[in-house]
Amino acid sequence: MLTSLKEIREFGKDFPDTYHIPRRKLGKTEANLSIIGFGGIMLNDNPQDFANEIVAKAVELGVNYFDVSPRYGNAEDRLGPALKPFRKNCFLACKTRERDAVGSQKDLDNSLKKLQTDYFELYQLHELSSIDEVEQVFSSGGAIETLVKAKEAGKIKHIGFSAHHVDAAMLAMKNFDFDSILFPINFACWNAGNFGPQIYEEAEKRGMGILALKAMALTTFKTGEDLIFKNCWYKPIDDEKIMQQALAYNFIKKCNCGYSSRRCFIVFKSVGVYTRFGTD
């Protein structure tokens with residue numbers, strides 16, 4: 001884990017000249033995203049100089065996909081100034097956890113202001129977790145109205161959602177022609193928990209962009225266990241070889257992966273091994 005600004009600045013200087021992070025087309029859109037994304041939650045409760053350095057380093061290494069949410073503490077406040085010098089060349093995704101039009105409009109306006117931008121490349125309904133929430137979003141006065149109007153006004157370019165619940169995700173896709181879905185694609189969940197195949201198959205059939213959460217997750221914390229890394233709510237893979245294998249698993253699935261801790265730089269080291277999975 002990188003612990004100092006100096007370590008961040010020095011990181012990657014020993015990478016070969018052939019190193020690059022491939023990019024992949026996001027579903028039916030014209031956007032080409034780095035296959036490794038920057039999870040903005042890592043900036044929460046960190047100083048601005050840390051945010052500036054780690055965002056600049058990510059851009060230097062080839063990351064152009066940045067994701068954040070109002071629910072990530074003060075991450076938006078940190079990401080706005082840090083990303084501003086690179087904004088025109090980046091794909092910025094944000095979210096709302098509000099389920100009605102009024103609340104989601106407030107989220108959208110606040111996020112645009114904090115992130116110092118006039119628009120988002122992608123705006124998402126955040127963490128759809130039940131059938132009831134999906135029905136609320138699509139009811140009269142629901143949050144989907146905000147997203148549709150914002151797209152018409154040019155404040156967002158694409159509409160997506162994130163989910164941690166299979167039935168909710170399936171219903172959301174049935175109700176609306178979304179551009180993307182953000183959900184956990186993880187070798188452990190996929191094979192042991194049967195969470196992922198159904199959503200992936202439907203999203204692929206619809207030509208949606210598939211964005212992956214928790215690719216580096218190993219398991220959940222037990223009751224009483226402390227977090228290993230700040231802003232990382234699951235127990236991550238610690239073995240670098242297994243990390244490479246988990247990364248390859250996601251690349252083969254033809255999705256883009258977001259990472260939310262400083263350990264993402266360990267992932268960057270692994271990318272060069274799998275550049276053949278980057279584009280179609």
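Descriptive notes on the structure:
- Scope region 75-100; condition more than 25 Å from G141 (Cβ to Cβ), over 16 Å from the mean Cα position of the chain (by Cα) and either assigned to a strand (DSSP E or B) or of a type in the set (S, T, N, Q) (or both); matching residues: N89
- Selection of region 96-147 for residues being at positive phi and crowded, with 16+ Cβ neighbours inside 10 Å yields only E127.
- Flag if S69 is open to solvent by less than 30 Å² (accessible area, probe 1.4 Å), more than 15 Å from L115 (Cβ to Cβ), in contact with a strand residue (DSSP E or B) (Cβ under 7 Å, 6 or more places away or on another chain) and of a type outside the set (V, I, T): no
- Residues of region 72-84 classified as open to solvent by less than 10 Å² (accessible area, probe 1.4 Å) and charged (D, E, K, R), total: 1
- Some residue of region 148-155 being within 19 Å of Q198 (Cβ to Cβ) and surrounded by fewer than 16 Cβ atoms within 10 Å (Cβ to Cβ): no
- For region 103-113, the criterion of a residue being touching a strand residue (DSSP E or B) at 6+ places or on another chain (Cβ under 7 Å), modelled with pLDDT of 95 or more and acidic (D, E) is satisfied by at least one position.
- Among residues of region 107-131 being in a helix (DSSP H, G or I) and touching a helix residue (DSSP H, G or I) at 6+ places or on another chain (Cβ under 9 Å), the one that is nearest to I181 (Cα to Cα) is I131.
- Members of region 172-211 that are of a type outside the set (D, E), part of a loop (DSSP other than H, G, I, E, B) and surrounded by 13 or more Cβ atoms within 10 Å (Cβ to Cβ): F176, F178, I185, N186, F195, G196, R206, M208
- Within region 1-39, the set of residues being without any contact (Cβ under 8 Å) to a residue 40 or more places away in the chain and either closer than 23 Å to E121 by Cα or within 18 Å of the chain's Cα centre (by Cα) (or both) comprises E30, N32.
- One residue stands out in region 1-57 among those that are of a type in the set (D, E, K, R), modelled with pLDDT of 90 or more and not in a helix (DSSP H, G or I): the one that is surrounded by the fewest Cβ atoms within 10 Å (Cβ to Cβ), namely E30.
The values are calculated or read from the model by the stated rules, or taken from the named source; none is laboratory data. Computed from a prediction, not measured in an experiment: that's the story for all the values here. Note: ideal-geometry Cβ built from the backbone for every residue, glycine included; neighbour counts use all protein chains shown. Side chains included, ligands, DNA and RNA excluded: accessible areas come from the protein's heavy atoms. Shrake-Rupley method; radii C 1.70, N 1.55, O 1.52, S 1.80 Å.
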